[in-house]
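Below you'll find the structure, written out as structure tokens, and then a few comments.
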Amino acid sequence: FGRRVFRRPLNAEEVGRYVAVIVAAADFDAGVRQVSQWLLSSPHFLYRSELGVLQPDGTARLTPWELATALSFTLLQTTPDDALLDAAAQGRLSSSDDVAREARRLLLDPRARAALRGFSTQWLGLERLNTLDKSPVRFPSFTPELRASMAAETPAFFEHVVFDGSGRF
């Protein structure tokens, strides 16, 4: 559970601390509830920090766990699944081919379409269409229906290119 929550394996100190809480609790269930609350209120769960490890050339390289997290949140808007965490643990995210393989697998998940529609909307600032005011005198054809069509067109096109087309634009 800790690996899923923190999106990485817990270190020995963390495991020891959580086991001690469970052992010291009045009963096992109470200990598990306490540890679950601590895990879910930890900054390691609440905040993502894909900072990477400093390389000799001054750049930073994401750890396999950070890469798994970045891939999953980018493509599915959620934490990495067990398969992605296993890939990170087994060193199967070290090459661009490895990352591409996992990205293709994640894109098969039905949640990917909604995530990438949301990405395109945010990336292009399309949410501003909801509050865009146009003079009905100067722009009589700018109706609520047109506004809705404009807001839907670009994400639909983006989705088509990524999922139904060649993936190239």
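The values are calculated or read from the model by the stated rules, or taken from the named source; none is laboratory data. Since we're looking at a predicted model, the values are computed, not measured. Every residue, glycine among them, receives a Cβ derived from its backbone with ideal geometry; neighbour counts consider all protein chains shown. These area figures cover heavy atoms from the full protein model, side chains too; ligands, DNA and RNA do not enter into them. Shrake-Rupley method; radii C 1.70, N 1.55, O 1.52, S 1.80 Å.
Summary table
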read-out: Most to least accessible of 158, 6 (protein chains only, probe 1.4 Å); value: 158, 6
read-out: Accessible area (Å², 1.4 Å probe, nearest 10) - residue 66; value: 30 Å²
read-out: Among 33, 138, 48, residue whose mean-square fluctuation peaks in a GNM of the chain (springs only between Cα atoms under 10 Å); value: 138
read-out: Cα Rg, Dmax, the stretch 20-71, angstrom units; value: 16.8, 52
read-out: For the chain, fraction of C-alpha pairs farther apart than 22 Å, in %; value: 61 percent
read-out: Inter-part distance where the stretch 1-64 and the stretch 83-101 are each reduced to a Cα centre, Å; value: 21 Å
read-out: Rounded FRET efficiency, nearest 0.05, which uses the C-beta distance separating residue 42 from residue 96 and R0 of 30 Å; value: 0.40
read-out: Range of Cα positions in the stretch 38-99 per principal axis (Å), largest first; value: 37, 25, 20
read-out: In the stretch 33-108, chymotrypsin sites (Phe, Trp or Tyr not before Pro) in a DSSP loop with at most 16 other beta-carbon atoms within 10 Å; value: 47
read-out: Stokes-Einstein D in µm²/s, Kirkwood radius over Cα pairs - the stretch 129-169 at 20 °C with 1.002 mPa s viscosity; value: 181 µm²/s
read-out: Simple label model, 7 Å out from Cα along Cβ direction - residue 27 to residue 146, nm; value: 6.6 nm
read-out: Extension gain, residue 119 back to residue 137 (0.36 nm per residue minus Cα-Cα distance, nm); value: 3.1 nm
read-out: Bins of 5 Å, starting at 0 and running to the largest distance - Cα pair percent for the stretch 55-146; value: 3, 12, 17, 15, 12, 10, 8, 6, 6, 5, 4, 2, 0
